[in-house]
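Note sheet for the following structure.
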Amino acid sequence: MNAKRIEQQSLNRGVIINILMGSAGMLVYAFTHLEALFLDASFVLIEVISGIVAAAISRISQRKTKQFPKGLFILEPVYVFFKSILIIFLMGFTTWSVSVKAYLFFTVGQGTKINVVPVLIYAIVMVILGSCLLTMYRRGNKRMKGASEILTVESKNSFIDVMMSIGIAFVAMLLMFIPSGSPLSFLLYTGDFFITIIIVLMFIGQPIGFMI
């Protein structure tokens, strides 16, 4: 099978899975208002949009013009660059939002207790779907002998999303065992802040690395 066709099939299937994941994330966020879920779901929705763009680039990148006699492959690194900027902006915005909420809790005691059960169910489902997506991208790129820059980026981004979901699931399980009157009860209101900051610190280097 033509390498570009393999790439396009992987991207198209990825868009479908990401639509399901992003929709589920926004639905659970609407009930819980957890910024970590907003970050996770927004990241997935970015993948939906960028997946559609990437599939279009994959189709036209082989076209040759007078200015680009070897094809429009320059579009691929341009796509990676702008997607990285968008991811960095999303991480920065979410960090600011969750930091404001944590500040209000620690200074004036304003906050909402986290509803753990739907978060845990969501995170487990996202880990399963994200792992399937990651495997699909990696297999597609392996069939192309690692030649797809787009699938390489999508694989790394899917890995980030899986790790986000694992982190959210871990925090949700931890919160289930914290009683309201314990010294750690503040995590029932601010656990969202800590997992978001950890996620950003762990993975901010990847989109920055794509831009260099």
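The values are calculated or read from the model by the stated rules, or taken from the named source; none is laboratory data. Computed from a predicted model, the values in this text were never measured in an experiment. Don't worry about glycine lacking a Cβ; one is built from the backbone with ideal geometry, like all the others, and counts go over all protein chains shown.
Tabulated data
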item: Exclusive hit being closer than 16 Å to T152 by Cα, at pLDDT below 80 and within 13 Å of the chain's Cα centre (by Cα), set E47, E7; result: E47
item: Which listed residue is in contact with a Ser or Thr (Cβ under 6 Å, 6 or more places away or on another chain) and at pLDDT below 85, from L86, L134, L90; result: L90
item: The range 170-204, residues that are among the aromatic types (F, W, Y) and within 18 Å of Y103 (Cβ to Cβ); result: F186, Y189, F193, F194
item: Tally, over the range 76-116, of residues that are among the aromatic types (F, W, Y), surrounded by 13 or more Cβ atoms within 10 Å (Cβ to Cβ) and more than 15 Å from V153 (Cα to Cα); result: 4
item: Leading residue by the ranking (nearest to L133 (Cα to Cα)) among those in the range 170-205 that are polar (S, T, N, Q) and free of Cβ contacts under 8 Å to residues at least 60 places away in the same chain; result: S185
item: Options L188, L120: the member that is part of a helix (DSSP H, G or I), more than 30 Å from E7 (Cα to Cα) and over 23 Å from the mean Cα position of the chain (by Cα); result: L188
item: Where a residue in the range 151-169 is free of Cβ contacts under 8 Å to residues at least 24 places away in the same chain and over 16 Å from L45 (Cα atoms) and its partner, wherever it lies, is outside any helix (DSSP H, G or I) and not β-branched (V, I, T), with Cβ under 9 Å and at least six apart; result: T152/G146
item: Some residue of the range 133-143 being touching an Asp or Glu at 6+ places or on another chain (Cβ under 6 Å), touching a residue at least 60 places away in the same chain (Cβ under 8 Å) and part of a helix (DSSP H, G or I); result: yes
item: Candidates K145, K156, filtered to the one that is at negative phi, among the basic types (K, R) and at pLDDT below 85; result: K156
item: When residues of the range 27-54 are limited to those that are surrounded by fewer than 16 Cβ atoms within 10 Å (Cβ to Cβ) and without any contact (Cβ under 8 Å) to a residue 24 or more places away in the chain, the one farthest from V100 (Cα to Cα); result: I49
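Residues checked against (1) surrounded by 15 or more Cβ atoms within 10 Å (Cβ to Cβ); (2) among the aromatic types (F, W, Y); (3) under 20 Å from M26 (Cβ atoms); (4) in contact with a Leu (Cβ under 6 Å, 6 or more places away or on another chain):
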{"site": "I121", "(1), (2), (3), (4)": "no, no, yes, no"}
{"site": "G167", "(1), (2), (3), (4)": "yes, no, yes, no"}
{"site": "A172", "(1), (2), (3), (4)": "yes, no, yes, yes"}
{"site": "S185", "(1), (2), (3), (4)": "no, no, no, no"}
{"site": "F194", "(1), (2), (3), (4)": "yes, yes, no, no"}
